[in-house]
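Where a number appears in this text, it was derived from the coordinates with a stated rule and is not lab data. The shown structure was predicted, so the numbers you read here are calculated from the model rather than taken from an experiment. Please note: Cβ atoms are built from the backbone with ideal geometry, for glycine as well, and neighbour counts cover all protein chains shown.
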Amino acid sequence: MIFLPTVTTFLQDYYQPLLILHAVAAIVSTGGATHLFVAYVTLVRKKVLQKKRLKLFSTITLVSYLICFIDGLLIYPTYRFWVRALDFDLEGTGHPLISGLFDIKENWAFVALVMVFALFALSRVVSSDGKHSRLIPVSALVATLLCIILWFNVISGLVIASFGSYHEGYQILLPE
């Protein structure tokens, strides 16, 4: 048997609460994006502009997504060493599909970051009449894609978290 030396990663002692915050912020931002999607679909189909709803849910989505994104950056070093390297990427005993799913999720997370800012800005200028009415289909498309991405990321994040386990013991017993 091989024992790893004691290793400490950035914010390791706060990993579990930060991971829970990450999940809660992801769920809130997904809810906000879903409400945005519904508001834009209503606008496209019924020509009913709900400006207050667009502003409210784009703000909720932006703030919660920023919390989720920044929190993800904070927990990444601990995840990378204790979960990914020691659980997912171990040859013969790891979970390479889960590791790949994480990479896909994180790439989409960056795309979603840009979309969240775009929807926040669009929700402030879109109108059903006048010069900004042409932005409605674009906004609806961005809201739809963001909603799909965030739902994918929440579900895949829960799948990844169910496979990963943070090892409290600092000394991990690995198979030879």
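Just so you know, the Cα atoms of the chain work out to an Rg and Dmax of 19.8, 72 Å.
For ASP89, nonlocal amide neighbours, meaning residues 5 or more places apart or on other chains whose placed amide H falls under 5 Å from its own, are HIS95. Each label was represented as a point 7 Å from its Cα along the Cα-to-Cβ direction; for PHE10 and LEU74 these points are 1.2 nm apart.
For the chain, the relative contact order comes to 37 percent (Cα pairs under 8 Å, sequence separation of at least 6). Close lysine pairs were tallied over the chain: pairs 8 or more places apart or on different chains with Cα atoms under 22 Å apart number 7.
Taking amide H as placed 1.01 Å from N in the peptide plane, HIS132 has its amide H under 5 Å from the amide H of SER127, each at least 5 places away in sequence or on another chain. Counting other Cβ atoms within 10 Å as a rough exposure proxy, the listed residues VAL138, VAL125 run VAL125, VAL138 from fewest neighbours to most. Note on the chain: helix-only mean residue ellipticity at 222 nm, from DSSP H runs of 4+ residues weighted -39500 (n - 2.57) and normalised by residue number, equals -24500 deg cm²/dmol. Ranking of TRP151, TRP82 by neighbouring Cβ atoms within 10 Å, starting from the fewest: TRP151, TRP82.
Farthest towards the positive end of the charge dipole of the stretch 49-105, among the residues ALA85, GLY100, THR61, is the Cα of THR61, using unit charges on the Cβ of Lys, Arg, Asp and Glu. Membrane-span-like helices in the chain (whole DSSP H runs, Cα extent of at least 27 Å along the helix axis, mean Kyte-Doolittle hydropathy of at least 1.0): 15-46, 96-125, 135-163.
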